[in-house]
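Here is the structure we will look at, set down as structure tokens.
The values are calculated or read from the model by the stated rules, or taken from the named source; none is laboratory data. Bear in mind the structure is a predicted one, so any value in this text is a computation, not a measurement. No Cβ is skipped: glycine too gets one built from the backbone with ideal geometry, and neighbour counts run over all protein chains shown.
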Amino acid sequence: MNTNNVIKAKEIALRVHGDLLDKKDYPYIAHIFDVALRVAHLGESYEVVGLLHDAIEDAEPEDFKKEITELIETSFSKEIVLAIKAMSKRQGEDYFEDYLPRLKANKIATQVKIADSSHNLSKAHLLDEIPQEKFRRKYIKVLNELGEDGMSCEIPLVYSEPKEKWILKKS
């Protein structure tokens, strides 16, 4: 189901993340689309939040962040906006003491964070050895905090094509 909300969310996600690369030089938008796909079965609101879960945090510079925040606030329902804002870590917030408890108060944000953390954990084996263990511990702990068995969520992601072959389409 590709409704107007999902199409609009994809357009915004591509504006924010379209040119970004992850730590292994793969298009960051692949992460965004994967998270959205993992929660799409829960409903359109979940898919939209999945597409926009990093949009406010990652929009830079500050005037672009304001533009994206305003666009989200005027384009989507209050339920979706509140979930996206719950997903957005605020400056100065401690991840486990402030951010996660605030996020867990929103059911959509919780499910999207589980999908986000599971996808992040699935990429841990691609990192260098020392950061890999720290990264793995963080996301296993996050998943445990969200009520999942973090260890069982680690399913290594395998990129089947060389990154040069990735082609992103806008629809």
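Restricting attention to the range 52-77 and to residues that are hydroxyl-bearing (Ser, Thr, Tyr) and within 15 Å of ASN5 (Cα to Cα), the residue that is surrounded by the fewest Cβ atoms within 10 Å (Cβ to Cβ) turns out to be THR74.
Which is of a type in the set (D, E, K, R) and within 20 Å of ASN4 (Cα to Cα), of ASP94, ASP25, ASP34? Full working, then the answer.
On the way: ASP94 fails: within 20 Å of ASN4 (Cα to Cα); ASP25 fails: within 20 Å of ASN4 (Cα to Cα).
Of the residues listed, the single one that is of a type in the set (D, E, K, R) and within 20 Å of ASN4 (Cα to Cα) is ASP34.
Please enumerate the residues belonging to the range 1-54 that are among the aromatic types (Phe, Trp, Tyr) and more than 14 Å from the chain's Cα centre (by Cα).
In the first step, residues of the range 1-54 are kept if they are among the aromatic types (Phe, Trp, Tyr); the result is 26, 28, 33, 46.
Within the range 1-54, just TYR26 meets the criteria.
So LEU20 ticks every box in (1) over 18 Å from SER118 (Cβ atoms); (2) in contact (Cβ under 8 Å) with a residue 24 or more places away in the chain; (3) buried (at least 17 other Cβ atoms within 10 Å of the Cβ); (4) of a type in the set (A, V, I, L, M) but one. Which box is left unticked? Unmet for LEU20, out of (1) over 18 Å from SER118 (Cβ atoms); (2) in contact (Cβ under 8 Å) with a residue 24 or more places away in the chain; (3) buried (at least 17 other Cβ atoms within 10 Å of the Cβ); (4) of a type in the set (A, V, I, L, M): (3).
Can you confirm whether the range 35-54 contains a residue that is free of Cβ contacts under 8 Å to residues at least 24 places away in the same chain and in contact with a His (Cβ under 6 Å, 6 or more places away or on another chain)? No, there is no match, as no residue in the range 35-54 is free of Cβ contacts under 8 Å to residues at least 24 places away in the same chain and in contact with a His (Cβ under 6 Å, 6 or more places away or on another chain). When the range 104-121 is filtered for residues that are modelled with pLDDT of 95 or more and in contact with a Lys or Arg (Cβ under 6 Å, 6 or more places away or on another chain), only THR110 remains. Residues that are touching a residue at least 12 places away in the same chain (Cβ under 8 Å), surrounded by fewer than 16 Cβ atoms within 10 Å (Cβ to Cβ) and touching a helix residue (DSSP H, G or I) at 6+ places or on another chain (Cβ under 7 Å) occur in the range 78-92; there is at least one. The set of residues from the range 23-49 being surrounded by fewer than 16 Cβ atoms within 10 Å (Cβ to Cβ) and basic (Lys, Arg) comprises LYS23, LYS24.
For the list (1) in contact with a His (Cβ under 7 Å, 6 or more places away or on another chain); (2) closer than 23 Å to GLY147 by Cβ, I need the number of the one condition that ASP58 fails. For ASP58, the failing item is (2).
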